Amino acid sequence: MTKVAIYARYSSDLQTDASIEDQIRLCQERATKEKWSVANCYTDHGISGASMMRPGIQMLMQEASDGKFDIVLSEALDRLSRDQEDIAGIYKRMQFSGVKIITLSEGEISNLHIGLKGTMNAMFLKDLADKTRRGLSGRIEKGKSGGGKSYGYDVVKKFDANGEAIRGDREINQEQARIVVRIFKDYVAGKSPKAIALQLNKEGIPCPSGKAWGPSTINGNRQRGTGILNNELYIGQLVWNRQRFIKDPDTGKRVARINPEEEWQRTDVPELRIIDQELWDKVKEKQGALRKYKKNFWEKQRPRNLFSYLLKCDCCGGGFSKVSSDRYGCSTARNKGTCSNRRTIKQETLESAVLNALQNHLMDPKMCEIFCEEYTRHINELRISRNATIHAHKAELKKLAKEKAEMIEAIKRGIPAEEILDDMNNMVARREELEAILENAEEAPVLIHPQMAERYKQEVGILRESLNDPDKRTEAAEILRNLIEKIVLSPKTGESGLSIDLHGDLAGILSVATNKDKPQIESNLSLQQDKVVAGAGFEPTTFGL
């Protein structure tokens, strides 16, 4: 008796396993009519016919070469494959193994079918893709989502007069929006994506994926527009067609390709803006600076020491680097011997000179006023963040209550209770956990510190400790380094040691603090013990600790 192998497949979200069953049933009826013996049934569930990376089709071809059947029977040729190259390859392999291909739609497959039907199936896929893109493009023009849901937004469920769902509408999720703003501000303040992710995980804030936050979730890929920091929807810009996907013919996996920027489709959606333009620009400026800075492996490393890469030799213009565990020296003099500056300086002496000047001269009333404003803002941000977490827990409790009601309704409709018992137990455990968290949680009120000026003096006094504190070091060092253009070290005339000349915004701040009664146009300072000597050429700017 002739042995036949039945192959069935479905790929569309509109189809189900019932489609597989129907295909097999129709093929079995044909086999019974022809008095063929069904050797086996091969199936692929929810896998595109444009890929050969399907377990069912691979097993079919393997067992065909082993001579386990004489005929492959399928509903139609496009069930085997929609790709011209793939369907031709399947046909050649079956011919080599002496196996015929017969379909309910086309009959016995010949070279003519492979040429014509293969072309028609490939055109069908292209037409389907073009129609999908046209539909999505029309939705984008109307300011609606082209698919997916960004963190910070909720799907708006609406229905038209006929009861059909209106798709693509979004609205801001206020709890998640606060987290987005916090991530942007933390990044500008100097925290790395890794540090931000660790803190969010520590606080138990849910990630967009529902798992744990990671650096890539925040940083993403700037060119592709992925990651929290690169999502232009946060500034009210809906960007579509930024990239396209092409299937790798060898692996069958989709590979992303960036489209030319002139092909990107942009639509203004100001009602979905979460991040103000100033904060967005600061993030982009910092990302650009980091990309320019990270040219090779060594430059990708964060500065090991407080003033790494900022130290310059006055004699040759080269850099100062570590010549021992605790001393800096001229790199040119050490490595090339072309500089006469052979003097060194202790790391502790150098850092103390700058930090002592900062500590001793930052008591200007204007500086105190700036601090009070920043302190109040920071305290209120912490309050908002804490309250956002409480609100998120309350929202999750409401969601659990809704899920509980749905489970009870499902049991009433006849679904066996044991099928959803595990889900019910997990839900009860989570509800009890949230109730325990919220039992003693109170929303933080707006607080204004009564002795804020005194707190400012304390903060200036513990600046050095902050730079050595792992939780504060990154942000404090980033602020301090951003205020320094360079530190020039030159041999002292007629005596040992090095003079320290400080260039940049910090020099201007110290000049203002030291010479309160005179307007300053300064650019650098010479730090010798506790004496601060002003240079020339700088217009000081404000600074908030």
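Just a yes or no: is a residue in segment 266-286 open to solvent by less than 40 Å² (accessible area, probe 1.4 Å), over 24 Å from LYS144 (Cβ atoms) and modelled with pLDDT under 80? No, because not a single residue in segment 266-286 is open to solvent by less than 40 Å² (accessible area, probe 1.4 Å), over 24 Å from LYS144 (Cβ atoms) and modelled with pLDDT under 80. So, of the residues in segment 212-241 that are within 9 Å of the chain's Cα centre (by Cα) and of a type in the set (Ser, Thr, Tyr), which turns out to be surrounded by the fewest Cβ atoms within 10 Å (Cβ to Cβ)? So, considering only residues that are within 9 Å of the chain's Cα centre (by Cα) and of a type in the set (Ser, Thr, Tyr), the one surrounded by the fewest Cβ atoms within 10 Å (Cβ to Cβ) is SER216.
Tell me whether segment 116-124 contains one or more residues that are under 14 Å from LEU77 (Cβ atoms), part of a strand (DSSP E or B), over 31 Å from the mean Cα position of the chain (by Cα) and at pLDDT 70 or above. Looking through segment 116-124, none of the residues is under 14 Å from LEU77 (Cβ atoms), part of a strand (DSSP E or B), over 31 Å from the mean Cα position of the chain (by Cα) and at pLDDT 70 or above.
Considering every residue within segment 185-197, establish whether at least one is assigned to a loop (DSSP other than H, G, I, E, B), farther than 19 Å from HIS393 by Cβ and open to solvent by 50 Å² or more (accessible area, probe 1.4 Å). Yes - at least one qualifying residue is present in segment 185-197.
Would you be able to say whether some residue in segment 17-37 is closer than 27 Å to LYS126 by Cβ, surrounded by fewer than 16 Cβ atoms within 10 Å (Cβ to Cβ) and either of a type in the set (Val, Ile, Thr) or at pLDDT below 85 (or both)? No, because not a single residue in segment 17-37 is closer than 27 Å to LYS126 by Cβ, surrounded by fewer than 16 Cβ atoms within 10 Å (Cβ to Cβ) and either of a type in the set (Val, Ile, Thr) or at pLDDT below 85 (or both).
Any residue in segment 242-253 that is in a loop (DSSP other than H, G, I, E, B), modelled with pLDDT of 80 or more and open to solvent by 50 Å² or more (accessible area, probe 1.4 Å)?
Within segment 242-253, the subset in a loop (DSSP other than H, G, I, E, B) is 242, 248-253.
Then drop every residue that is not modelled with pLDDT of 80 or more, which leaves none.
No, every residue in segment 242-253 fails to be in a loop (DSSP other than H, G, I, E, B), modelled with pLDDT of 80 or more and open to solvent by 50 Å² or more (accessible area, probe 1.4 Å).
Checked against (1) at pLDDT 90 or above; (2) assigned to a helix (DSSP H, G or I); (3) not basic (Lys, Arg), TYR91 passes all but a single condition, namely (1).
The values are calculated or read from the model by the stated rules, or taken from the named source; none is laboratory data. Being a predicted model, the structure only gives us computed values, none of them experimental. Positions of Cβ are generated from backbone atoms using ideal geometry, with glycine treated the same way; all protein chains shown enter the neighbour counts. Accessible surface is based on the protein model in full, side chains and every heavy atom, while ligands, DNA and RNA are left aside. Shrake-Rupley method; radii C 1.70, N 1.55, O 1.52, S 1.80 Å.
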